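Some notes on the structure that comes next.
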Amino acid sequence: HGFTAQIPLPDGTHSICAFAINVATGTNILLGCKTVTLSHSPTAAITATSQISPGVHVIGWATDPDATGPIHVLITVDSGTALDVLANGAGASTSGHNFAATIAATNGSHTVCVTAVNVGAGAGNSLPACSTIALNFNPFGSFDLARRTPDNLSASLTGWAIDPDTAKSITVTVTVDGRSVGGTVTANLPRSDVGEVFPTSGPNHGFGVIVPMDANEHTFCLTAVNVGGGSGNTSLTCRIINAIHPVPPSAPTAVAAVGGYGGAIVNWAAPVSDGGAPWTSYTVTSSPGSIQVTAASGVTTATVTGLKPKTSYTFTVVAKNVAGNSPAGRSPAVTTQASPPAQTSPAPISTSRYIRNIHDNNANDLNVLRTEGAADAKANPSGHGYLILLDIGGQDQADGGVVLSATTRFVTYATLVANLKAYTDGYASAQKPSAPVVIAIGTNNDMQVTSAAGKAWADSVVDPVAAYARKYTGMTIAGANDIEPGFRANYANTKSWLDAYLKATGAPFVFNGSADGCAWTVTNHGCNNGWSMAGLYYLAAGAAPTRILNLPQIYNNTMAQQWKYISLTGVEGEQPRINFGGALTEWTACRQSPGCGSLTGNQAWTQMWSQLQSSVPLKVGSLPYSTDLRIDS
């Protein structure tokens with residue numbers, strides 16, 4: 001009572017159902033259905049391609065479900081004329097269905113495809129299986145050595161050369177000072193080292209030739225001559241043999257400089273004479289300062305950094321060869337720029353710090369802060385201005401000090417000032433020329449926030465450090481406050497703090513807060529905890545537009561938009577736009593203490609720049625700063 005049947009079907013997925021046909025009484029019965037996917041089309045694959053004269057050697061396999069024997073494969077290069085081969089070779093997994101064939105191709109990158117030819121049923125030939133290969137049939141080799149013979153009357157030239165189209169030896173032409181010396185040399189000497197690397201070419205591809213020469217300097221050039229395919233001969237490069245008695249080169253000429261901020265670009269022309277031996281390098285030296293830059297022999301420009309602003313400089317350029325230094329070529333005097341250029345691309349990122357690593361009456365802390373200051377200065381190269389925020393924590397005004405951020409450690413104002421002085425000492429010790437810095441000393445509005453506290457921050461912290469650091473050029477001390485609507489102090493108390501600070505000191509003020517809950521698409525709306533965009537505008541600019549620098553926290557993609565509309569809130573009230581210094585991030589801090597998130601410095605700067613440039617009243621020509629917080633614990 002078994003049954004079997006064969007039903008012709010095309011390629012694709014089919015549902016097959018079987019019914020038992022009733023005899024006499026009863027009804028037909030469905031025995032069941034099964035789904036089957038059929039493919040009668042062939043399949044082809046490439047397993048390897050390699051360069052072989054005169055083209056590409058292709059290895060692969062091809063099968064067809066309707067054929068047990070071998071089928072045909074069409075091989076093409078760049079969709080050109082097909083080569084028809086039979087896939088009947090032996091192999092491990094597809095024995096009797098493998099193929100290997102060579103199809104012609106020239107130098108360059110090519111796409112090789114194989115297509116299996118359909119047999120019997122099936123929708124047609126297989127989809128192409130393709131591979132890309134780069135071919136180079138030009139000769140290649142090496143000019144290993146050029147040196148004088150012991151009698152100084154000839155040059156000995158050695159190397160090797162191979163052409164991919166042949167295992168036979170090929171020829172190499174020789175020129176001296178651009179002139180042919182006649183004839184060629186055959187690369188037919190044993191070179192076992194070359195044979196090991198290129199075993200299919202054989203071991204005999206070395207060459208050596210003796211060429212007459214005098215006591216002067218000469219340039220020898222070798223060219224491998226192409227045979228068979230390939231697009232032409234190949235230079236094996238040139239080598240110089242020095243004069244027997246070389247002298248230093250002549251002076252570089254046409255030396256000129258363009259002054260920038262913190263540096264200058266110096267250009268020159270090569271010496272007219274190399275003195276019988278090619279120069280190996282140039283040395284550029286500034287005056288004053290004697291700052292030196294070394295350039296390679298083939299370079300005729302260099303950038304000298306570490307220069308002072310608004311200072312007149314001249315530059316000398318000296319070429320050096322084996323015999324010594326040339327006379328100096330000298331530039332006319334140029335004056336460096338007085339201030340940093342406009343920052344219209346992401347600003348260099350300085351390091352700012354959550355200061356949590358100081359204690360009362362701990363002398364070692366001074367060394368730590370001094371070391372940190374030096375490290376931060378070393379990381380800030382010449383040619384830019386920088387802002388560094390030292391975020392201390394909340395004020396405990398009643399006890400005359402601060403509680404360090406995210407800790408319960410109390411530090412007196414006196415101890416804090418001593419440590420901040422140590423930081424400025426360290427920074428000044430390593431500060432680069434033409435790299436001015438604003439060091440902002442920051443508290444927050446999360447503890448005792450009163451007019452008395454604002455005055456104390458000016459009188460007891462910022463002014464003593466500013467007076468101490470006045471001896472250092474290129475350093476400005478500012479006060480700062482991380483003002484946030486989400487902190488404990490209300491707007492009125494925070495405003496009292498700021499007004500008292502500004503009245504008590506002439507030092508700048510850096511606003512480095514946030515705009516919690518403020519709108520990011522419209523102006524003049526409310527923010528969290530009863531604060532308003534107009535109120536934040538006052539704290540971030542309006543209280544003293546020429547003294548307040550806004551360094552807003554730009555930790556996510558909304559914050560820059562919030563500050564755009566806070567600034568526009570002021571503009572709509574006929575007030576100056578906010579003076580934005582750049583962007584503050586805590587990308588490093590969030591990696592030290594997982595659980596928070598922040599944009600990178602470049603991302604935040606770009607967000608801030610884009611928002612300001614998108615509004616005509618806010619559009620700026622420069623956004624000078626980008627700084628990223630880390631935790632010092």
Item to check | Subset of the range 597-619 that is open to solvent by 30 Å² or more (accessible area, probe 1.4 Å) and either touching a helix residue (DSSP H, G or I) at 6+ places or on another chain (Cβ under 8 Å) or assigned to a loop (DSSP other than H, G, I, E, B) (or both) - its residue that is modelled with the lowest pLDDT | outcome: 597
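One line per residue, one yes/no per condition, for (1) surrounded by fewer than 18 Cβ atoms within 10 Å (Cβ to Cβ); (2) not polar (S, T, N, Q):
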{"residue": "358", "(1), (2)": "no, yes"}
{"residue": "377", "(1), (2)": "no, yes"}
{"residue": "380", "(1), (2)": "no, no"}
{"residue": "383", "(1), (2)": "no, yes"}
{"residue": "386", "(1), (2)": "no, yes"}
{"residue": "395", "(1), (2)": "no, no"}
{"residue": "412", "(1), (2)": "yes, no"}
Item to check | Lone qualifier among 329, 306 - being modelled with pLDDT of 95 or more and either open to solvent by 50 Å² or more (accessible area, probe 1.4 Å) or in contact with a Pro (Cβ under 7 Å, 6 or more places away or on another chain) (or both) | outcome: 329
Checklist entry - Between a first residue in the range 235-255 that is without any contact (Cβ under 8 Å) to a residue 60 or more places away in the chain and in a loop (DSSP other than H, G, I, E, B) and a second residue that is open to solvent by 40 Å² or more (accessible area, probe 1.4 Å) and not basic (Lys, Arg), which pairs have beta carbons less than 7 Å apart while being 6 or more apart in sequence or on different chains? => result 243/215; 243/216; 243/217
Next on the checklist: With outside any loop (DSSP other than H, G, I, E, B) and open to solvent by less than 50 Å² (accessible area, probe 1.4 Å) as the only criterion, which of 313, 261 stands out?
Outcome noted: 313
Next on the checklist: For residue 402, only one of the following conditions fails: (1) surrounded by fewer than 22 Cβ atoms within 10 Å (Cβ to Cβ); (2) modelled with pLDDT of 95 or more. What is its number?
Outcome noted: (1)
Item to check | Residue, modelled with the highest pLDDT, within the range 191-209, restricted to residues that are out of contact with any strand residue (DSSP E or B) (no Cβ under 7 Å at 6 or more places or on another chain) and open to solvent by less than 70 Å² (accessible area, probe 1.4 Å) | outcome: 195
Item to check | Flag if residue 39 is small (Gly, Ala, Ser), farther than 30 Å from residue 200 by Cα and in contact with a Ser or Thr (Cβ under 6 Å, 6 or more places away or on another chain) | outcome: no
Checklist entry - Under the condition of being farther than 11 Å from residue 224 by Cβ and at pLDDT 95 or above, which residue from the range 178-190 is least open to solvent (accessible area, probe 1.4 Å)? => result 186
Checklist outcome for this item: For the range 498-530, the count of residues that are open to solvent by less than 10 Å² (accessible area, probe 1.4 Å), touching a helix residue (DSSP H, G or I) at 6+ places or on another chain (Cβ under 6 Å), of a type outside the set (Gly, Ala, Ser) and over 16 Å from residue 463 (Cα atoms) equals 2
Next on the checklist: Going residue by residue through the range 283-297, is there one that turns out to be crowded, with 22+ Cβ neighbours inside 10 Å and in a loop (DSSP other than H, G, I, E, B)?
Outcome noted: no
Next on the checklist: touching a helix residue (DSSP H, G or I) at 6+ places or on another chain (Cβ under 9 Å) and either at pLDDT below 95 or closer than 30 Å to residue 612 by Cβ (or both): which single residue out of 346, 341 fits that description?
Outcome noted: 346
Checklist entry - Can you tell which of 425, 446, 459 is in contact (Cβ under 8 Å) with a residue 24 or more places away in the chain, more than 19 Å from residue 387 (Cα to Cα) and out of contact with any strand residue (DSSP E or B) (no Cβ under 9 Å at 6 or more places or on another chain)? => result 459
Next on the checklist: Would you confirm whether or not the range 231-239 contains a residue that is of a type outside the set (Ser, Thr, Tyr), more than 23 Å from residue 296 (Cα to Cα), over 42 Å from the mean Cα position of the chain (by Cα) and open to solvent by 60 Å² or more (accessible area, probe 1.4 Å)?
Outcome noted: no
Checklist outcome for this item: When every residue in the range 44-82 that is of a type in the set (D, E, K, R) and open to solvent by 40 Å² or more (accessible area, probe 1.4 Å) is compared, the one nearest to residue 102 (Cα to Cα) is 78
Checklist entry - Would you pick out the residues in the range 91-125 that are part of a loop (DSSP other than H, G, I, E, B), among the hydroxyl-bearing types (Ser, Thr, Tyr), touching a residue at least 60 places away in the same chain (Cβ under 8 Å) and touching a strand residue (DSSP E or B) at 6+ places or on another chain (Cβ under 6 Å)? => result none
Checklist entry - Which of the residues that make up the range 549-596 are farther than 15 Å from residue 539 by Cα and open to solvent by 50 Å² or more (accessible area, probe 1.4 Å)? => result 556, 557, 561, 572, 574, 587, 591, 592, 593, 594, 595, 596
Next on the checklist: Suppose we keep only residues that are part of a strand (DSSP E or B) and among the aromatic types (Phe, Trp, Tyr) within the range 126-157. Which one would you say is farthest from residue 229 (Cα to Cα)?
Outcome noted: 143
Next on the checklist: I'm checking my understanding of the structure. Among residues of the range 440-462 that are within 41 Å of the chain's Cα centre (by Cα) and assigned to a helix (DSSP H, G or I), which one is surrounded by the most Cβ atoms within 10 Å (Cβ to Cβ)?
Outcome noted: 462
Item to check | Which numbered condition residue 390 misses (of (1) open to solvent by 30 Å² or more (accessible area, probe 1.4 Å); (2) under 30 Å from residue 452 (Cβ atoms)) | outcome: (1)
Checklist entry - Only one of 164, 212 is touching a strand residue (DSSP E or B) at 6+ places or on another chain (Cβ under 9 Å), on the phi < 0 side of the Ramachandran plot, surrounded by fewer than 13 Cβ atoms within 10 Å (Cβ to Cβ) and not hydroxyl-bearing (Ser, Thr, Tyr); which? => result 212
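The values are calculated or read from the model by the stated rules, or taken from the named source; none is laboratory data. Since this is a predicted model, take the numbers as computed values, not measurements. Note that each Cβ is placed from the backbone with ideal geometry, even for glycine, and that neighbours are counted across all protein chains shown. When the accessible area is computed, the model is the full protein with side chains, heavy atoms only, and any ligands, DNA or RNA have been set aside. Shrake-Rupley method; radii C 1.70, N 1.55, O 1.52, S 1.80 Å.
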